[in-house]
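First comes the structure, then the notes that go with it.
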Amino acid sequence: MKKQVWIVDDDEEMIRAVQLMLKLLNCKVRHFLGARPAAQAILDGEAPDLLILDINMPEVSGLDMLEFLRRRKETLGLPIVMLSTEAADLQVDQALAMGADAYATKPVSIEELEAAMQKALGAHGRR
């Protein structure tokens, strides 16, 4: 069965690139141009098998959304990959300490994305 993967990013070009990679990895993909619409879909009872979340977004940052998701019992087990241009150890450590399961840096290769996804899924006993 195909994994349902959501991408939350404010950069349409990045969404298209990651979408293509995910389709090549045999995933079903849904994208959101920001944290608010993705959070609303989750509040409405929808949920992906894995979430790819950009950190630097206007209005609501990816870290804010990560915090929101990790505070809800319904989304504690949601595998989350943070995807960002930020590669500093401090940023990576902060995201992982807040509950991200994996971290990948933009631009991401299909191999790096797949490895991050496997790490995130494995952290929750999924494949």
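No lab work stands behind these numbers, since they all come straight from the coordinates. It should be emphasised that the depicted structure is a prediction, and the values quoted were computed from it without experimental measurement. Positions of Cβ are backbone-derived with ideal geometry, glycine not excepted, and every protein chain shown enters the neighbour counts.
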Taking 9, 49 and counting other C-beta atoms within 10 Å, the order from fewest to most: 49, 9
So for region 3-123, what are the equivalent ellipsoid semi-axes in whole Å, largest first, each being the square root of 5 times an eigenvalue of the Cα gyration tensor? 18, 17, 15
So how far, in whole Å, is the C-alpha centre of region 90-116 from the one of region 21-48? 17
Is the shape of region 55-119 rounded, prolate or oblate, going by the alpha carbon gyration tensor and its root eigenvalues a ≥ b ≥ c, with a/c under 1.5 for rounded and a/b larger than b/c for prolate? oblate
Taking amide hydrogens as modeled 1.01 Å from N in the peptide plane, which residues meet the under 5 Å criterion relative to residue 104, leaving out close sequence neighbours? 82, 83, 84
Answer rounded, prolate or oblate for region 1-72, using the Cα gyration tensor with square roots of eigenvalues a ≥ b ≥ c: rounded when a/c is under 1.5, else prolate when a/b is larger than b/c, else oblate. oblate
Trypsin sites (Lys or Arg not before Pro) lying in DSSP loop within region 1-96, provided at most 10 other Cβ fall within 10 Å: 71
Treat the count of other C-beta atoms within 10 Å as a stand-in for reagent exposure and order 76, 69, 51 from fewest to most. 76, 69, 51
